[in-house]
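A short write-up of the structure that comes next.
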Number of protein chains: 2
Amino acid sequence: MARKYIDNPNACSLVHTMNIIGNKWKPIILYLLSNGSMRFGMLNTLIPTISKKVMTNQLKELENDGLLLRQSFAEIPPRVEYSLTEKAVGLLPVLKLLSDWANEAYPEMDFEQCRIMENGKKPAYNNVYKK
Amino acid sequence: MARKYIDNPNACSLVHTMNIIGNKWKPIILYLLSNGSMRFGMLNTLIPTISKKVMTNQLKELENDGLLLRQSFAEIPPRVEYSLTEKAVGLLPVLKLLSDWANEAYPEMDFEQCRIMENGKKPAYNNVYKK
DNA sequence: AATAGTGGTAACCAAAAAGTAACTAATGGC
DNA sequence: GCCATTAGTTACTTTTTGGTTACCACTATT
């Protein structure tokens, strides 16, 4: 699992959720996968500043928490596809609300567009590439 | 602000939200304050495993991010009251959804009751005290 | 004169999270 | 035979976060 927080006496479901997705990269990973399954390498390309080690870690934790499905194909070179589980899909609308909240609460911040699309349209990956 | 994550190219509003509330203690602090303002010492009593330094820090960050109002009274001994801003109040329903999500997605985990009450009832602080 | 009560701060330390660079296995193409 | 390709792993270092202890200011109470 994500974080431990063993000494956090408030072992409630909200703390659990934060332990699972409240970190640097996981919401982005879930976002990217909300449009369908994706290979390890593609995820790494779309989040260029994450290291492979950390990416592996995040994907493992998300898988352990039941948010991701990992499909490994017996090919050479290897191919591994990651996709969202039902659990994760159920979380997407709430993530959307979190993102809506920030847009409303901090209008001055002019965020980049988020990559969860309500309508299944492809996100604008282009601006991910900019240095 | 909470975290920096300057090198996270996905500077979208969801990442921003996570930077603000996605850590060990802040959701709990917001929960506790959802029933009305509270003094520093009371917060510390209700979250007995947090250190004063960290509590101070979290409260400052939440204040800087516009989620908390800090009222200091010129009394001896000092009295400081913290309360939620409108921004924070707008976040509460989403926190509720996050907590609902975990309850549904992980029914086997049997979480403690969360301390955001839909109806303004006082949360059961008792079970916070247990070691 | 000593102590309790409150909301902190400072210096220092430990643990967790993230980052870096080099390395691997297995195969296909040149 | 040599290199590229992919999805990692390993060992190590740095950065970030959280924790501990001692201390302060100011007054009221004992």
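Nothing in this text is a laboratory measurement; each read-out follows from the coordinates by a stated rule. Predicted model only: the values in this text are computed from it and were never measured. With ideal geometry, Cβ positions are generated from the backbone for all residues, glycine too; neighbour counts draw on all protein chains shown.
Odds and ends about this structure:
- Backbone geometry of the stretch A:63-73 corresponds, through the Karplus equation with coefficients 6.51, -1.76 and 1.60 at θ = phi - 60°, to 3J(HN,Hα) couplings of 5, 4, 7, x, 9, 10, 10, 10, 10, 9, 9 Hz, x marking Gly and Pro.
- Placing +1 on the Cβ of every Lys and Arg and -1 on the Cβ of every Asp and Glu, with no other charges, gives the stretch B:10-88 a dipole of roughly 240 debye about its Cα centre.
- Within the stretch A:11-119, the GluC sites (Glu not before Pro) that combine a DSSP coil assignment with at most 10 other C-beta atoms in a 10 angstrom radius are A:Glu75, A:Glu118.
- Order of A:Val94, A:Val89 under a 10 Å beta carbon neighbour criterion, fewest first: A:Val89, A:Val94
- Take each residue of peptide B:100-111, count the partner chain Cβ atoms within 10 Å of its Cβ, and average: the result is 6.
- Karplus-based coupling profile of the stretch A:78-87, in residue order and whole Hz: x, 9, 10, 10, 10, 8, 6, 8, 4, 3, with θ = phi - 60° in 6.51 cos²θ - 1.76 cosθ + 1.60 and x standing for Gly or Pro.
- Shielding of B:21-33 by partner chains, average beta-carbon count, 10 Å: 4
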